[in-house]
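J.: Let me give you the structure first, and then I'll get to my questions.
The values are calculated or read from the model by the stated rules, or taken from the named source; none is laboratory data. On a predicted model such as this, the values are computed, not experimentally measured, just so you know. Cβ placement follows ideal geometry from the backbone for every residue including glycine, while neighbour counts extend to all protein chains displayed. For accessibility, only protein heavy atoms count, side chains too; no ligands or nucleic acids. Shrake-Rupley method; radii C 1.70, N 1.55, O 1.52, S 1.80 Å.
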Amino acid sequence: MRTDVVVVGAGLAGLVAAAEAADAGRWVVLVDQEPEQSLGGQAFWSLGGLFLVGSPEQRRMRVRDSVELALQDWMGSAQFDREEDRWPRAWAEAYVDFAAGEKRSWLRQMGHRIFPVVGWAERGDGRAEGHGNSVPRFHITWGTGPGVVAPFERRVREHVATGRLKLAFRHRVDEVVVEGGAAVGVRGRTLAPDDVERGGASNRDETGDFEIRAQAVVVTSGGIGGDHDLVRRNWPARLGEPPASMIAGVPAHVDGRMLGITEATGARVINPDRMWHYVEGIRNWDPIWANHGIRILPGPSSLWIDAEGRRLPAPYHPGFDTLGTLRHLRTTGHDHSWFVLTQKIIEKEFALSGSEQNPDLTGKDLRLLLKRVTPGAPGPIEAFKEHGEDFVVADDLDTLVAGMNERNGTARIDVTALRRLVEQRDREIENPYTKDAQITALRGARGYLGDKLVRVATPHRLLDPAAGPLIAVRLHVLTRKTLGGLETDLRARCLTASGAPLPGLYAAGEVAGFGGGGMHGYNALEGTFLGGCLFSGRTAGRAAAADVR
């Protein structure tokens, strides 16, 4: 098979790259080892959050944002400090400009729409110059992840209908072909058809060989989060020892194979130790893939304790500093921690990441959406309360702690010590003044209209019977994103160890650290993963198309 451009990986970055190259008049083949029902990759499962700067939605919510403030937040979070951060830094600057510029209008003209309440994710480490978002920037797509994927799937299928673009599913790439110092195609094995449910493990039964010759190869194959052994091998010492037990935020086929395969061409992988894993993971009671975990997107009110019942110190509050909290928890000697909260908190503050966990937003169901502002937790939350193995519900603290220790299989939590901690916290909440940093933060959060309306519960005592029942949620480390990857210049061309582009080879999305080999640096600001796939996929598709002769 011969074509102009071959794109490896049919996730969001791959769809964008393929659509852009085909729009430019190039012949394109999009290959993926998974079946067609997995088109869109991890973006399909996402909440669809996008990082935008100075948007109309922000202005309507009385949020003042600017490129300068966003870049300050980005650089304070990224903390670039390596010689190889030249291109990641350049990508970061370009991406912030994109998020403040044409990103929203570009998507909007394709039919993309945004939920009007802007979320405040990753609130930071407490320093103006440090990690975190100074203002709300998390724009949820109306339609969640599928709503992000849909415009690009539509564009790709339009090109399929004209014959300009070919979809080649069940094609597993095992080699990027390099001749005369340039990438000239890919080869690998075809796999047997499989009607497995989206996200499930498809077979690896080989049925034959294939080779696709092209003038440009664009690698958009994703990260390593599905291979926990690989995650542990890349785990940085700065985050402590890797957990013995983790749950999977991505399916097993997100295995990082193409990183090594592409690196074998001479392309350079940088920052493999930079990664993004969540500390608020819960086991899915109705799993789609093996060891399936869901992330809680928490509001700021839950009391966070480690496995021994000790309260986490500031600024490690729910929703503030993901990797800082992960680093702290790795010093405790345990792979899990706990939220302690009330029914009143869970009703307003708990959201679950994932398109399938938000049927109102995903299905664009206004009637169902209105239930978020009526008494009672959303249906998916109540389902986890009833069926989830990580949830304990009780009318009093003694019974709650007994249930927590039963989940652990050991009497690790001392009820007297936890009662003292809760009562100390409750005394602070009853006074308009406080020295408790978390209480100060949650009261400050309610100063933002969006948080007050739908995200942060009215401050109250945890032991107030009117707010009950009490709830404890066991939290696990949830694997998710690879922040390093293939080094690329601002045209998404893969670079060699000498710093020169490898002709014909491009990379985009998570396999390229969302741009440059790690445009997030050490930390992410949230809403930046899908956006990184969009931006780098668009860049790679356009550059590859322009370079075809």
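J.: Given the conditions (1) touching a strand residue (DSSP E or B) at 6+ places or on another chain (Cβ under 9 Å); (2) open to solvent by 50 Å² or more (accessible area, probe 1.4 Å), report the number of the one that residue 435 does not fulfil.
T.: (1)
J.: Continuing with the same structure: Please work out which residue is most open to solvent (accessible area, probe 1.4 Å), limiting yourself to region 438-467 and to residues that are in contact with a helix residue (DSSP H, G or I) (Cβ under 6 Å, 6 or more places away or on another chain) and outside any helix (DSSP H, G or I).
T.: Across region 438-467, the extreme among qualifying residues is 461.
J.: Shifting gears a bit: Provide a single number: the residues in region 136-159 that are in a loop (DSSP other than H, G, I, E, B) and surrounded by 19 or more Cβ atoms within 10 Å (Cβ to Cβ).
T.: Let us first name the residues in region 136-159 that are in a loop (DSSP other than H, G, I, E, B), namely 136-137, 142-143.
Filter again for surrounded by 19 or more Cβ atoms within 10 Å (Cβ to Cβ), leaving 136-137, 143.
Number satisfying all stated conditions: 3.
J.: Quick check on my filter: what residues within region 386-402 are buried (at least 18 other Cβ atoms within 10 Å of the Cβ) and part of a helix (DSSP H, G or I)?
T.: 397, 400, 401
J.: Could I ask something else about it? Filter region 494-549 for residues that are of a type in the set (Ser, Thr, Tyr), in a helix (DSSP H, G or I) and open to solvent by 10 Å² or more (accessible area, probe 1.4 Å) and give the result.
T.: So in region 494-549, the residues of a type in the set (Ser, Thr, Tyr) come out as 496, 498, 506, 522, 528, 536, 539.
Applying the additional criterion that residues be in a helix (DSSP H, G or I) yields 536, 539.
Correct list: 539 only.
J.: Additional query: For the condition buried (at least 23 other Cβ atoms within 10 Å of the Cβ) and in a helix (DSSP H, G or I), what is the one hit in 15, 69, 30? Outline the logic, then answer.
T.: Numbers: 69 fails: buried (at least 23 other Cβ atoms within 10 Å of the Cβ); 30 fails: in a helix (DSSP H, G or I).
Among 15, 69, 30, only 15 is buried (at least 23 other Cβ atoms within 10 Å of the Cβ) and in a helix (DSSP H, G or I).
J.: Going through region 297-315 one residue at a time, which ones are over 23 Å from the mean Cα position of the chain (by Cα) and either open to solvent by 10 Å² or more (accessible area, probe 1.4 Å) or among the aliphatic types (A, V, I, L, M) (or both)? Give the derivation first.
T.: So the first thing to find is which residues in region 297-315 are over 23 Å from the mean Cα position of the chain (by Cα), and the list is 303, 305-314.
Those that are over 23 Å from the mean Cα position of the chain (by Cα) and either open to solvent by 10 Å² or more (accessible area, probe 1.4 Å) or among the aliphatic types (A, V, I, L, M) (or both): 303, 305, 307, 308, 309, 310, 311, 312, 313, 314.
J.: Could you give every pair whose Cβ atoms fall below 7 Å, whose first residue belongs to region 285-300 and is closer than 12 Å to residue 352 by Cβ and modelled with pLDDT of 95 or more, and whose second residue is surrounded by fewer than 22 Cβ atoms within 10 Å (Cβ to Cβ) and among the basic types (Lys, Arg), counting only separations of at least 6 or pairs across chains?
T.: Filtered contacts from region 285-300: 293/283.
J.: Output the residues belonging to region 76-87 that are assigned to a helix (DSSP H, G or I) and either free of Cβ contacts under 8 Å to residues at least 24 places away in the same chain or of a type in the set (Asp, Glu) (or both). Talk me through it step by step, then tell me what you get.
T.: Keep residues of region 76-87 that are assigned to a helix (DSSP H, G or I), which gives 76-78, 83-87.
Answer for region 76-87, where residues must be assigned to a helix (DSSP H, G or I) and either free of Cβ contacts under 8 Å to residues at least 24 places away in the same chain or of a type in the set (Asp, Glu) (or both): 83, 84, 85, 86.
J.: Pull out all pairs, ordered by first then second residue, where Cβ-Cβ is under 6 Å, the residues are six or more apart or on different chains, the first lies in region 134-151 and is small (Gly, Ala, Ser), and the second is crowded, with 23+ Cβ neighbours inside 10 Å and modelled with pLDDT under 95.
T.: 145/355
J.: Looking at region 407-418 only, could you name the residues that are modelled with pLDDT under 95 and either open to solvent by less than 60 Å² (accessible area, probe 1.4 Å) or assigned to a helix (DSSP H, G or I) (or both)? Working first, answer last.
T.: Residues of region 407-418 that are modelled with pLDDT under 95, as a first pass: 407-412.
Result: 407, 408, 410.
J.: Among the residues of region 109-126 satisfying the criterion of being in contact with a helix residue (DSSP H, G or I) (Cβ under 8 Å, 6 or more places away or on another chain), of a type in the set (A, V, I, L, M, F, W, C) and in a loop (DSSP other than H, G, I, E, B), which is nearest to residue 349 (Cα to Cα)?
T.: Ranking the qualifying residues of region 109-126, first place goes to 120.
J.: If you don't mind, there's one more thing I want to ask. Under the condition of being farther than 30 Å from residue 273 by Cβ and either outside any strand (DSSP E or B) or in contact with a Gly (Cβ under 8 Å, 6 or more places away or on another chain) (or both), which residue from region 323-348 is most open to solvent (accessible area, probe 1.4 Å)? Walk me through how you get there before you give the answer.
T.: Going through region 323-348, the residues farther than 30 Å from residue 273 by Cβ turn out to be 340-348.
Add one more test, that the residue is either outside any strand (DSSP E or B) or in contact with a Gly (Cβ under 8 Å, 6 or more places away or on another chain) (or both), and what stays is 342-348.
On the way: 342: 0, 343: 20, 344: 83, 345: 1, 346: 0, 347: 59, 348: 63 Å².
The selected residue is 344.
J.: Among the listed residues 200, 188, 163, 181, which satisfies the condition of being open to solvent by less than 60 Å² (accessible area, probe 1.4 Å) and within 18 Å of residue 251 (Cα to Cα)?
T.: On the way: 188 fails: within 18 Å of residue 251 (Cα to Cα); 163 fails: within 18 Å of residue 251 (Cα to Cα); 181 fails: within 18 Å of residue 251 (Cα to Cα).
Sole residue among the options that is open to solvent by less than 60 Å² (accessible area, probe 1.4 Å) and within 18 Å of residue 251 (Cα to Cα): 200.
J.: Can you go through 237, 150 and tell me which one is small (Gly, Ala, Ser), over 30 Å from residue 522 (Cα atoms), at pLDDT 95 or above and under 28 Å from the mean Cα position of the chain (by Cα)?
T.: Being small (Gly, Ala, Ser), over 30 Å from residue 522 (Cα atoms), at pLDDT 95 or above and under 28 Å from the mean Cα position of the chain (by Cα) holds for just one of 237, 150, which is 150.
J.: Among the residues of region 273-284, is any open to solvent by less than 10 Å² (accessible area, probe 1.4 Å), under 26 Å from residue 32 (Cβ atoms), touching a residue at least 12 places away in the same chain (Cβ under 8 Å) and outside any strand (DSSP E or B)?
T.: There is at least one residue in region 273-284 that is open to solvent by less than 10 Å² (accessible area, probe 1.4 Å), under 26 Å from residue 32 (Cβ atoms), touching a residue at least 12 places away in the same chain (Cβ under 8 Å) and outside any strand (DSSP E or B).
J.: What are the residues in region 352-377 that are hydrophobic (A, V, I, L, M, F, W, C), touching a residue at least 60 places away in the same chain (Cβ under 8 Å) and surrounded by 19 or more Cβ atoms within 10 Å (Cβ to Cβ), if any?
T.: Here is the first cut: in region 352-377, the residues hydrophobic (A, V, I, L, M, F, W, C) are 352, 361, 366, 368-370, 373, 377.
Keeping just the survivors that are touching a residue at least 60 places away in the same chain (Cβ under 8 Å) gives 361, 373.
Of everything in region 352-377, just one residue is hydrophobic (A, V, I, L, M, F, W, C), touching a residue at least 60 places away in the same chain (Cβ under 8 Å) and surrounded by 19 or more Cβ atoms within 10 Å (Cβ to Cβ), namely 361.
J.: Consider residue 183 against the criteria (1) modelled with pLDDT of 95 or more; (2) part of a loop (DSSP other than H, G, I, E, B); (3) of a type outside the set (Ser, Thr, Tyr): it satisfies all of them except one. Which criterion is unmet?
T.: If we test residue 183 against (1) modelled with pLDDT of 95 or more; (2) part of a loop (DSSP other than H, G, I, E, B); (3) of a type outside the set (Ser, Thr, Tyr), just (2) comes out false.
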